[in-house]
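> Dumping the structure here so I can ask a few things about it.
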Amino acid sequence: MLPTAQSPGEDSMANSLPDSAAAVVIGGGIMGCSTAYHLAKLGARNVVLIERSKLTSGTTWHSAAQVRQLRSTISLTQLTQYSAKLYASLAQETGQETGWRQCGSISIATNPDRLVHIRRQASLARAFGIEVHEIDTAELRDLWPVLNVDDVIGAVYSPSDGRVNPSDVCAALIKGARAHGARIYEDTAVTGFQSMAGRVSAVQTTGGTIRTDRVAVCAGLWSRQVAGLAGVWAPLHACEHFALITKPIAGIDRMMPILGDHDGHMYMREESQGLLVGCFEPNARPIALEQLPADFSFDLLSEDWQHFKPIMKLALHRVPALEDAEVRMLLNGPESFTPDGAFLLGEAPALGGFFLGCGMNSMGIASGGGAGRALAEWMLAGEPTMDLWAVDIRRFGRFHNNLNVVRERAAEHLSRHYVLSTPGHEAASVRDLRLSPLHHCLAEKGAWFGERAGWERPNVFLPGSNGSAPALRFGRPAWHEAVAKEHQAARQAVALFDQSQFGKLLIQGRHAEAFLQRLCAGDMAVPPGRAVYTPMLNQRGGYESECVVMRLDERRFMLITGAAQAVRDYHWLESHLSDGEFVTLTDITAGLGVIGIMGPKSRDLLRCISSADFSNAAFPYFSHREIDIGNTVARAARLSYVGELGWEIYLPTDQAVTLYRQIEAAGEAFGLRDGGSFAMAGLRLEKGFCSWGHDIGPDDTPLEAGLGFSLGATKETDFIGRQAILRQRDQGLEKRRVIVLAEDPELHLMGGEPIVADGKILGRTTSVAYGHTIARSGWGSSAWPDRRSRSCCQRPVLSSRWPAGGCRQPRNSRRPMTQRGRACALMAEG
Ligand SMILES: Cc1cc2nc3c(=O)[nH]c(=O)nc-3n(C[C@H](O)[C@H](O)[C@H](O)COP(=O)(O)OP(=O)(O)OC[C@H]3O[C@@H](n4cnc5c(N)ncnc54)[C@H](O)[C@@H]3O)c2cc1C
């Protein structure tokens, strides 16, 4: 941790650069070293790492280098678990020590909400296979003798966490990489890129140009700038990051666990028999790149005691011995943070072969081992080998790269890193980035907006609230009754949902049908006027996306996807276009508003403002057509995500308000209400509908999800993922998605909870919501039984015939909700 200004790459080669390379990794911090190591180890020949200064000279050398393994998702946790294993074993492989010390970690709570939080975290850790124990204050004092525990009301201890020496880890990775043929070039800066036909073709450096079709930008807080040289967005921003380091203090032991006192915004660990006190202060400060000298290397920012003062006060309370400790330094090092607090990984949608591994949000050492492996695998396989959506660069659009946006949002995320996140919390900075055409109409009605992929969308309508957030708390939320009214309107009368934020991609050309047949598992050879609910699968049979495709005419299709998926789906489609395939793709999301009219009275309402025939015979499920409606011309599609009779009306954004007002006027007679995303969540879960990115994702197949019906039953064409699905059909399933009902109405779930039966963890919840129709008896949640416990899923869902089995009902079928309740009981009995 302490500045030694020593590069572990002193022995790296300083010869002239090669003309070409299989892959060029930019940056010699933990991410670059790990990526180069894994690329070389996985067999890539001729891997080159370019570092503008010396290895580890960016943020890595001054890292506190704790490796805490629990992360927000199972995949990210698996990456840190892998990091820990790698760091523990690298010395044996390379002969270079990493400083791995398995000292464990502790989180303490000083208020009841925090206690609930750390217990929830402990449950999650157990569900992800990490050992955790709750400990009392006596045990805490044993492990941390200098701690003031007067106000501590609980603690959890995770013995398998640890710490490393970051420079030594990099030295070991580089040694390993070189043993597998990688070459390292220090004092060489990347200055530009060349591309050809939408793909990177060369890297320009101060030492010459290297031809390559694979690049990984691991340039830490400089990555936005470096990626910008290729026209690629990498939304991250540097922020100041503080840690106090003391001289030795009596009672401090080198094996003391890392301590997390998140109510005090800080963490502590032993450092050369003294203490290191790091913080995530609530008033974090961004720092512009221009404020750093161009040759910033093994450097730090200036100390700022005034800024650190509030944390110092809290630290003195927690460890009174600090009062007499001699300070070695107040370290202020820049680190990169992203708009959502998760790092940036994967192929940039703007340029083929151009990968990112950056924006580590102060978790770069813990994540680096696993993230470097995941990035290397992605670069070699052409697609991620596991579900990495939480960190996938494609969750961001180009607009997120705006400097104001990244600066404000990155600083806000850093400030909130240790703040308890109450359900319903929304970011405060840079709001109103993307507004639906109906935004002002909905705001007038008291919409409290939440943000999704930059879009403002109503969470719930709170009339008279001026749209301000209600009081946030754990337990039964303040908006419970308001959501109930919207929910009931959709089930018993009619509700209007603004769905304009849906991603909408136009796919056209003479090969459009054949192209979609290859990409989609559903059958796209349908007549114009039909819509198909379909997965797009990866080679492993997992969901790359779940979408609805409307055939507009012989050569044109419109793909409807989730708000956050448009960039990703566009990239997936584009990267699978073959040479000679005559297909064009256009993202038309912003051009069309979508008004969902849902509920048993939706047909009666629509008849008041349109002469179109909305009968079952003339307008069946999964059909769509252009109609006159109100004073507008729109495309009405008989689809519903709430599981009721309903239509989604697609029309140009400039006419959306006109139609909204006409629907509003006509709807009064039918009890029309506006509905928000909270009501939508409960409605869809009652019907068992999945949400991509929550309930299903790249590691889950349609068979596991119980959505076998969405695989084109009669489709002859081969499609991506078919072979994997066929194999799985023959071999049987290891896990299944099920619906769980919590019978205790006061059990307030938040998602991610482990599901325990007979003392065994069977799985964990994905989406959760209150089901206001199901006799208000509980919280519906969709859960994945754990792979390791086969108890409830030994039988394959599919029987012998391809692709039979499962439920054949379409997405908006009126499946009785009580059956779902029984399904839950089945799982618990399993
Ligand atoms: C005080 C502090 C405490 C921390 N504690 C922890 C912790 O406990 N646990 C944890 O997991 N993480 C921690 N972190 C975060 C962690 O250190 C970082 O996430 C990690 O080191 C970032 O590594 P990186 O490889 O992304 O970037 P860097 O280490 O910054 O590496 C990027 C490299 O790219 C090079 N580069 C830039 N531009 C170019 C160019 N044009 N051409 C060639 N090379 C270029 C730079 O010179 C640099 O060497 C902490 C950070 C700080 C500041």
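> Using per-residue counts of other Cβ atoms within 10 Å, averaged over each peptide, order 409-420, 389-400, 301-312 from highest down.
Values: 409-420: 20.0, 389-400: 21.6, 301-312: 14.0.
The packing order, highest mean first, is 389-400, 409-420, 301-312.
> ³J(HN,Hα) across the stretch 279-293 via Karplus (A = 6.51, B = -1.76, C = 1.60, θ = phi - 60°), whole Hz, x for Gly/Pro?
Result, ordered by residue: 9, 10, 6, x, 10, 4, 10, x, 9, 6, 4, 5, 7, 8, x Hz.
> Here's another thing I want to ask about it. Under 19 Å from a point placed 7 Å out from the Cα of Asp587 along the Cα-to-Cβ direction: which residues of the stretch 187-230 have their backbone N that close?
In the stretch 187-230, the label zone of Asp587 (backbone N under 19 Å from the point 7 Å along Cα→Cβ) covers 198-200, 224, 227-230.
> Ordered by packing density, taken as the mean number of other Cβ atoms within 10 Å over each peptide's residues, highest first, how do 559-568, 751-760 rank?
So the order, starting with the most tightly packed, is 559-568, 751-760.
> Take the alpha-carbon centre of the stretch 475-534, take the same for the stretch 568-607, and report the distance between them in whole Å.
9 Å
> Now, a different point. Can you find, among Gly231, His241, Val146, the residue farthest towards the positive end of the dipole of the stretch 125-265? Put +1 on the C-beta of Lys and Arg, -1 on that of Asp and Glu.
Gly231
> Go ahead and estimate [θ] at 222 nm for the chain from helices alone: -39,500 (n - 2.57) per DSSP H run with n ≥ 4, summed, over the residue count, rounded to 500.
Working: 18 runs with 214 residues, N = 830.
After summing the helix terms and dividing by residue count, I get -8000 deg cm²/dmol.
> How high is the relative contact order of the chain, given as a whole-number percent (alpha carbon pairs under 8 Å, six or more residues apart)?
Values: 2003 pairs, mean separation 90.2, N = 830.
Worked out over the chain, it gives 11 percent.
> Residue by residue, what Karplus-based ³J(HN,Hα) values in Hz, rounded to whole numbers, does the stretch 440-456 have, using 6.51, -1.76 and 1.60 with θ = phi - 60° and x for Gly and Pro?
6, 4, 6, 4, 4, 8, x, 5, 9, 8, x, 10, 9, 6, x, 6, 8
> Please list, ordered by chain and number, the residues whose modelled amide H lies under 5 Å from the amide H of Cys547; skip anything fewer than 5 residues away on the same chain.
Close amide H contacts, sequence-distant or interchain: Thr534, Met536.
> Where does the charge balance sit around Ser691 when Lys and Arg score +1, Asp and Glu -1, over other residues with C-beta under 11 Å from its C-beta?
Working: positive: Arg684; negative: Glu546, Asp695.
Net local charge, Ser691 excluded: -1.
> Something else about it: If each residue of separation counts as 0.36 nm, what is the full-extension length gain between Arg476 and Glu303 once their alpha-carbon separation is subtracted? Show your work: numbers first, answer last.
Working: separation 173, 0.36 × 173 = 62.28 nm, distance 4.42 nm.
Between Arg476 and Glu303, full extension yields 57.9 nm more.
> Hey, what's the stretch 452-567 come to in accessible area per residue, 1.4 Å probe, Å²?
Value for the stretch 452-567: 31 Å² per residue.
> Can you give the charge dipole size of the stretch 1-155 about its Cα centre, rounded to the nearest 20 debye, using +1 on the beta carbon of Lys and Arg and -1 on the beta carbon of Asp and Glu? Please list the in-between numbers first.
Numbers: 13 positive and 14 negative charges, 93 e Å.
Result for the stretch 1-155 is approximately 440 debye, rounded to the nearest 20.
> Still on this structure: Taking the Cα centre of the stretch 492-593 as the origin, how large is its charge dipole in debye, to the nearest 20, when only Lys and Arg (+1) and Asp and Glu (-1) carry charge on their Cβ atoms?
Numbers: 9 positive and 12 negative charges, 26 e Å.
Charge dipole of the stretch 492-593: 120 debye, to the nearest 20.
> Report the local net charge at Met329: Lys and Arg +1, Asp and Glu -1, summed over other residues whose C-beta lies under 14 Å from its C-beta. Could you put the intermediate results ahead of the total?
Working: positive: Lys247, Arg328; negative: Glu271, Asp299, Glu303, Asp304, Glu326.
Around Met329, the charge tally is -3.
> Round to a whole number: what % of the accessible area of the chain belongs to carbon and sulfur, probe 1.4 Å?
Details: 14980 of 30800 Å².
Its accessible area is 49 percent carbon and sulfur atoms.
> While we're here: Show the residues, 5+ positions off or on another chain, whose built amide H is closer than 5 Å to the amide H of Asp161.
Long-range HN contacts for Asp161: Gly104, Ser105.
> Going by Cα centres, the stretch 157-183 and the stretch 673-752 are how many Å apart?
Measuring centre to centre over Cα atoms gives 38 Å.
> Modelling each spin label as a point 7 Å along the Cα-to-Cβ direction, I'd like the Thr137/Asn466 distance in nm, to one decimal.
With each label point 7 Å from Cα toward Cβ, the separation is 4.3 nm.
> Let me ask you something else. Quick one: plug the Kirkwood hydrodynamic radius of the stretch 294-367 (C-alpha pairs) into Stokes-Einstein at 20 °C, 1.002 mPa s, and report D in µm²/s. Before the final figure, lay out the partial values.
Working: Rh = 15.8 Å.
Here the translational diffusion coefficient equals 135 µm²/s.
> What is the projected area of the convex hull of the Cα atoms of the chain, averaged over all directions, in nm²? Could you put the intermediate results ahead of the total?
Values: hull surface 134.6 nm².
Mean projected area for the chain: 33.7 nm², to one decimal.
> Label points 7 Å out from Cα along the Cβ direction at Ala179 and Leu42: separation in nm?
2.0 nm
> While we're here: What does the extension gain come out to for Asp253 and Glu668, with contour length at 0.36 nm per residue minus their alpha carbon separation? Could you put the intermediate results ahead of the total?
Numbers: separation 415, 0.36 × 415 = 149.40 nm, distance 7.06 nm.
142.3 nm is the gain from fully extending Asp253 to Glu668.
> Considering the dipole of the stretch 140-189 built from charges on the beta carbon (Lys and Arg +1, Asp and Glu -1) around the Cα centre, which of Ala179, Val169, Val156 is farthest to its positive end?
Ala179
> If you average the C-alpha positions of the stretch 392-461 and of the stretch 234-255 separately, how far apart do those two centres end up, in angstrom?
31 Å
> A follow-up question, please. What spacing in nm lies between the two simple spin-label points modelled at Val633 and Gln291, each 7 Å away from Cα in the Cβ direction?
Distance between the two pseudo-spin positions: 5.5 nm.
> Let me ask another. Along the positive direction of the dipole of the chain (beta-carbon charges: Lys, Arg +1; Asp, Glu -1; about the Cα centre), which of Gly467, His576, Phe298 reaches farthest?
Selected residue: His576.
> Using only the alpha carbons of the stretch 55-114, determine the length spanned along each of the three principal axes and report them from longest to shortest in whole angstroms.
47, 25, 21
> Also: R0 = 35 Å: FRET efficiency of Leu420 with Ala381, Cβ-based, nearest 0.05? Let's see the in-between values first.
Values: r = 39 Å, r/R0 = 1.10.
For R0 = 35 Å, the calculated efficiency reads 0.35.
> Tabulate in residue order the Karplus-calculated ³J(HN,Hα) for the stretch 755-766, using 6.51 cos²θ - 1.76 cosθ + 1.60 with θ = phi - 60°, rounded to whole Hz; enter x for Gly and Pro.
Computed from phi, the couplings for the stretch 755-766 are 10, 10, 9, 6, x, 10, 7, 8, x, 9, 6, 10 Hz.
> To the nearest 20 debye, what is the magnitude of the charge dipole of the stretch 711-770 about its Cα centre, counting +1 on the Cβ of each Lys and Arg and -1 on the Cβ of each Asp and Glu?
On the way: 9 positive and 9 negative charges, 80 e Å.
Magnitude of the dipole: close to 380 debye.
> Residues with beta-carbon under 10 Å from that of Lys445, excluding Lys445: net charge, scoring Lys, Arg +1 and Asp, Glu -1? Show your work: numbers first, answer last.
Details: positive: Arg673; negative: Glu444, Glu664, Asp674.
In short, -2.
> Of the peptides 97-108, 542-553, 502-513, 188-199, how do they stack up when ordered by the mean number of other Cβ atoms within 10 Å, highest first? Can you show the working numbers first?
Details: 97-108: 21.3, 542-553: 23.0, 502-513: 19.7, 188-199: 15.2.
Sorting 97-108, 542-553, 502-513, 188-199 by mean packing, highest first, produces 542-553, 97-108, 502-513, 188-199.
The values are calculated or read from the model by the stated rules, or taken from the named source; none is laboratory data. Note that the coordinates shown come from a computational prediction; the quantities given were computed from them, not determined experimentally. Ideal geometry is used to build each Cβ from the backbone, glycine not excepted, and the neighbour counts take in all protein chains shown. Each accessible area value is taken on the protein alone, full model and side chains, heavy atoms only, with ligands, DNA and RNA left out. Shrake-Rupley method; radii C 1.70, N 1.55, O 1.52, S 1.80 Å.
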